[in-house]
Amino acid sequence: MLRYLDAGESHGKGMVCIVEGLPYGLPLRAADIEHDMARRRLGYGRGARMGLEQDKVEMLSGVRAGLTLGSPVAMLVMNAEYAKWSGVMAAEGDKTAEPLTALRPGHADLAGALKYGTRDLRDILERASARETVGRVCAGAAAGRLLCELGITIYSHVLEVGGTGAGERSEPPTAGEMKKADDDPMRCLDGEASLRMLDVVDVARAAGDSLGGIFEVVAFGLPAGLGSYVHWDRRLDGRLAAVVMSIPAVKGVEIGDGFKVARTPGSQASDTICHEEGRGFYRRSNRAGGLEGGMSNGEPLVVRAAMKPIPTLAKPLVSVDLVSKAEVSAAVERADVCAVPAAAVIAESCVAFVLADALLEKTGGDSMDEIRERFQAVLKEQADF
């Protein structure tokens, strides 16, 4: 129902994103996309490039007078530093830079070089870069506008950085609490834990090191029945895990209590079902993270992810030269000490895109008027069931 393609290199002219399947009549402006693009630059421990990129969005097609036309929406985000790299990254003509051959552990460099047979690692690293997430955020912000029109909201927050984390809460955070995450430099809801995170980031920066962590994305207002149990590739949990795991540096994903319930007896692992007139079915807890049998169950949807430390270090690791095979220091491109807060924002966009796709499967409809009517019918039917 909904799909996107994006293109662009880290130091190329710009990033392009095309989204197909957005309904007619969805309010969408460049400012909506730029808001999330700015949030993608948030977080203590980011690199110098975040201060250079302004990430202005130009709507190229699919929108007229602030409303989508039902045709593909194309967006362009120019790279601020392209003028400095125009010779290196020119689409035509001969290469003007010496081949980059110092392999970086933890990156796509060696696997990509072996895949394509290149002796110049820049052919790999320019696309295998976190700059690629610009397309994800553009597409996800557009999808998020669709969800927002239906009262569905998605937020994220940081749980842990470098082994330093917030304590386990007795109650899950509310939408109102999560909305305030951007006010904190680590996007953490626990102020004391945030201060400790700031300290470990400073220690890592001084040591020329980097840090990973854990973040959580929560979607509020979803009806039951998004996704399906009938085939593996239609299960909502699988689709969400795939899209979040595909974010650069993410190495693990869980839904709800995930790995915790694997260590819990079955009698304490499920969520008791209740019913209330006017409210319909609900659960007293949410260990399942809002997903059962590959489908949303009406509770808040909870996705957590583990992000490894950024592998580019100010004090590079010992490595090998791709061509000479001699021992060298790994190449150093400008990088972050910690990008966990930003990765959480990117994950919001990824989750929004999958949920919007699943919602369109459920409601159908070519225009926002049709979708709003059908969505309200779904909510009423489930409340009255």
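Dipole size in debye (nearest 20) for region 266-385 around its Cα centre, Lys and Arg Cβ +1, Asp and Glu Cβ -1? Could the numbers behind the result be given before it?
Details: 13 positive and 18 negative charges, 125 e Å.
That gives region 266-385 a dipole magnitude of about 600 debye.
Straight-line cross-link partners of LYS260 among the lysines, defined as a Cα under 22 Å from its Cα and at least 8 positions apart when in the same chain: LYS251, LYS308. For region 283-331, the Kirkwood estimate of hydrodynamic radius, built from reciprocal distances between every pair of different alpha carbons, is 15.0 Å. Put simply, the Cα atoms of region 249-346 extend 71, 28, 20 Å along their principal axes, the longest span coming first. Here the 3J(HN,Hα) profile of region 66-75, calculated from phi with Karplus coefficients 6.51, -1.76 and 1.60 at θ = phi - 60°, is x, 10, 5, 9, x, 8, x, 9, 10, 10 Hz, Gly and Pro shown as x.
As I understand it, the dipole of the chain uses +1 on the Cβ of Lys and Arg and -1 on the Cβ of Asp and Glu, about the Cα centre. Which of THR312, SER156, ALA175 lies farthest toward its positive end? It is THR312. Computed over the chain, the Cα gyration tensor eigenvalues convert (square root of 5λ each) into semi-axes of 37, 27, 18 Å, ordered from largest to smallest. Each of HIS107, HIS11, HIS35, HIS275 was scored by other Cβ atoms within 10 Å of its Cβ. Listed from fewest to most, they are HIS275, HIS35, HIS11, HIS107.
Rounded to the nearest 20 debye, the dipole magnitude of region 3-384 is 480 debye, with +1 charges on Lys and Arg beta carbons, -1 on Asp and Glu beta carbons, and the Cα centre as origin. The angle between the Cα long axis of helix 368-384 and the longest principal axis of the Cα atoms of the chain comes to about 50 degrees, rounded to the nearest 10.
Over all projection directions, the Cα-based convex hull of region 142-292 averages an area of 11.6 nm².
For a straight C-alpha distance cut-off of 19 angstrom, the lysines reachable from LYS84 (same-chain residues fewer than eight places away being disregarded) are LYS13, LYS56, LYS95.
In order along region 211-220, the Karplus-derived 3J(HN,Hα) couplings, from 6.51 cos²θ - 1.76 cosθ + 1.60 at θ = phi - 60°, round to 9, x, x, 10, 10, 10, 10, 10, 10, 10 Hz, and Gly and Pro are given as x.
The alpha carbons of region 69-140 give a radius of gyration and a Dmax of 15.1, 48 Å, in that order. Normalised by residue number, the volume inside the convex hull of the Cα atoms of region 105-169 is 137 Å³ per residue.
Each Cα pair of region 332-385 feeds into the Kirkwood radius, which the Stokes-Einstein equation turns, at 25 °C and 0.890 mPa s, into a diffusion coefficient of 176 µm²/s. Derived from the Cα gyration tensor, the three semi-axes of the equivalent ellipsoid of region 198-252 are 36, 14, 5 Å, largest first. The value obtained for region 1-91, namely the Cα convex hull volume divided by the number of residues, is 109 Å³ per residue.
Which whole-number value in Å³ per residue fits the convex hull of the alpha carbons of region 59-214? Provide the component values of the computation, followed by the final result.
Numbers: hull volume 32.3 nm³, N = 156.
In region 59-214, the Cα hull volume divided by residue count equals 207 Å³.
Just so you know, all these numbers are worked out from the coordinates, no wet-lab data involved. A quick note: this is a predicted structure, and the numbers were derived from the prediction, not measured. We place every Cβ from the backbone using ideal geometry, glycine too, and count neighbours over all the protein chains shown.
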